[in-house]
Each structure stands twice: as structure tokens, then as C-alpha cells.
Amino acid sequence: MKRSRVPLIATILVLLFLYLPIVILMVNSFNESRFGGVWTGFSLKWYEKLFHERAIWNAVQNSLIVGLSATIISTVMGTAAAFGLYRYKSRIQQIQYALIYSPLVIPDILMGMSLLLFFVMSKIPLSLFTIFVAHTTFCISYVTMVVWSKLQNFDFAVIEAAQDLGAGWGTIARRILAPLLAPGIISGALLAFTMSLDDYIVSSFVAGPGSTTLPIYVYGMIKFGSTPLINALSTILLVVTFALAWITQHLTKGETI
């Protein structure tokens with residue numbers, strides 16, 4: 001009996017719907033024409049012009065400062081929170097789980113408004129620091145959920161065996177927990193960094209003068225019609241994002257082997 005080709009055709013159509021606009025964007029980043037509707041020849045001038053736009057790279061620098069700082073802090077706190085959630089069962093841990101899980105389901109616009117009101121009431125001036133605090137708030141949740149999922153298959157008998165052999169918690173953390181949980185921790189850190197680098201809604205609420213991040217700057221570029229530069233910048237970001245996604249997937253597969 002001949003197999004139906006409907007699922008295959010449906011899959012191809014869905015993939016085209018999702019990825020064809022991205023392919024068109026990447027192709028137009030090499031288009032010599034300023035307008036993407038007409039192909040006038042292959043050119044790298046938009047990439048050359050992009051690398052001479054100082055304001056863009058200042059925004060990239062701000063995004064990297066915030067992203068790396070939020071990733072480091074959220075990775076440490078998220079890993080500790082995941083370990084506490086999995087290891088200890090109590091009502092306090094249920095409250096902790098609700099607090100950690102809530103940033104994942106609360107709309108970004110509501111979180112941005114809430115954080116803005118908090119900073120205003122606390123008389124904290126809006127700056128890169130407030131963006132860092134805001135990003136750390138939701139990045140902790142992503143790291144916690146990723147590491148917590150990895151702990152589901154963790155055998156704590158290994159820790160008990162190490163304790164029986166006289167190992168202290170410092171040695172256990174360094175030689176057992178860190179190597180075994182490293183793929184999950186790194187996956188959570190990469191996810192947190194990607195979410196921080198990509199965030200616009202929350203950042204737009206808590207950003208102050210001179211603290212423009214890359215998504216905020218790109219949104220401003222769209223208003224002035226700098227489409228070729230946006231295409232070139234988006235292509236670079238897509239390459240970086242796919243590289244991070246590949247690394248995360250590779251680490252996850254490596255853990256399950």
C-alpha cells in the first residue's frame with residue numbers, strides 16, 4: 001500500500017513558512033541594492049558599513065556586558081536552586097518552586113512594568129545595572145529548570161559512596177557534582193545567555209540613558225529604515241545563535257550517551 005505524502009508535504013510547507021523569511025533576509029544581506037525587492041548583485045558593503053557603525057557596537061558591548069554578567073550570576077544561583085528543589089522536599093521548597101517558575105509564565109510586559117516600578121520606588125537610577133538585575137531575574141528560572149531536569153537522572157548513591165570513603169562536600173562538589181552536571185549547567189548557561197541577548201520587552205522598560213542594548217537599538221534602526229544593515233546584523237546573530245544551539249544540543253546528547 002502506497003504511503004500518503006500528505007504528512008511530508010505538510011512538513012515541507014511548515015518548514016518553508018518558518019525558515020523561508022530567514023533565508024530571504026540572509027540573502028538580502030549580500031544584496032548590493034538598498035531595497036530588498038530587487039537583486040542588483042552580490043556585495044559585502046553592508047557588512048563593511050556595519051563594522052564601521054560605532055553606535056551598533058556600543059549596543060553590542062552593552063548586551064554582552066549584561067548577558068555575560070546575568071549568565072554568570074543566574075548560573076550559580078539557578079544551579080543551587082535546582083539542587084535544593086530536587087534534594088529537599090518541603091512546603092518551603094514548594095514556595096521556592098512557585099517563585100522560580102513564575103517568571104516563565106508571567107508576560108514580559110508585566111514583568112517589565114513591575115521591575116520598572118520597583119526601581120522607581122527604590123530610587124535606583126535606570127542603567128545597565130537595572131537591566132542586569134532584570135535579566136538575572138528571569139535567567140535564573142531558565143537555568144534552574146534545565147539543571148533540575150538533568151538532576152532527575154542523577155544517582156545520589158555516588159555522593160553517599162564518596163562520603164563513605166571520607167570525601168568532604170568540597171571534594172564531592174569539585175570531583176563528582178561538577179563533572180556530572182556540567183552538560184546541564186552549560187546548557188542552562190547558554191540558554192540564559194541567549195535569552196538575555198535576545199530580550200527587548202523587559203530591557204525597554206528598565207533601560208536608562210546610555211544603556212541601550214542591541215535589541216533596543218535594532219528596533220530604533222527599523223524606524224529609520226536601515227534595512228540592509230539590519231539584514232547583515234541579523235545574519236551574524238543567526239550564525240551565533242545557531243552555533244550556541246548546536247553546542248547546547250551536542251552537550252545534551254553527550255550527557256545521554
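Taking the Cα centre of each part, how many Å lie between the range 1-64 and the range 138-163?
So the separation of the two Cα centres works out to 38 Å.
Figure the gain on full extension for A173 and L64 (residue separation times 0.36 nm, minus the Cα-Cα span) and round it to one decimal in nm.
Stretched out fully, the A173 to L64 stretch lengthens by 36.3 nm.
I want the local charge near A80. Using Cβ-Cβ distances under 15 Å, sum +1 for each Lys or Arg and -1 for each Asp or Glu among the other residues.
On the way: positive: R87, K150; negative: none.
Net charge around A80: +2.
In nanometres, what is the gap between the two model label sites at A243 and I92, each 7 Å from Cα along Cα-to-Cβ?
4.4
Give me the percent of accessible area attributable to carbon and sulfur for the chain, probe 1.4 angstrom.
Roughly 70 percent of what the probe reaches on the chain is carbon or sulfur.
Quick check for you: with a 1.4 Å probe and neighbouring chains kept, what is the accessible area per residue of the range 54-254, in Å²?
In whole numbers, the range 54-254 has 54 Å² accessible per residue.
To the nearest 0.05, what FRET efficiency results for S102 and V27 with a Förster distance of 30 Å applied to their C-beta separation?
Calculated value: 0.15.
For the peptides 177-188, 122-133, what is the packing order when you average, over each peptide's residues, the other Cβ atoms within 10 Å and list the highest mean first?
Order by mean packing, descending: 177-188, 122-133.
What does the C-alpha gyration tensor say about the overall shape of the range 66-121? Classify as rounded when a/c is under 1.5, otherwise prolate if a/b is larger than b/c, or oblate.
Note, shape of the range 66-121 comes out oblate.
Could you check the spin-label model distance between I201 and A161? Points 7 Å from the Cα along Cα→Cβ, value in nm.
Label at I201, label at A161, 4.7 nm between them.
The values are calculated or read from the model by the stated rules, or taken from the named source; none is laboratory data. Keep in mind that this is a model prediction, so the values were computed, not measured. Neighbour counts run over all protein chains shown; Cβ positions are idealised from the backbone, glycine included. Heads up: the accessible areas ignore ligands, DNA and RNA and are worked out on the full protein's heavy atoms, side chains in. Shrake-Rupley method; radii C 1.70, N 1.55, O 1.52, S 1.80 Å.
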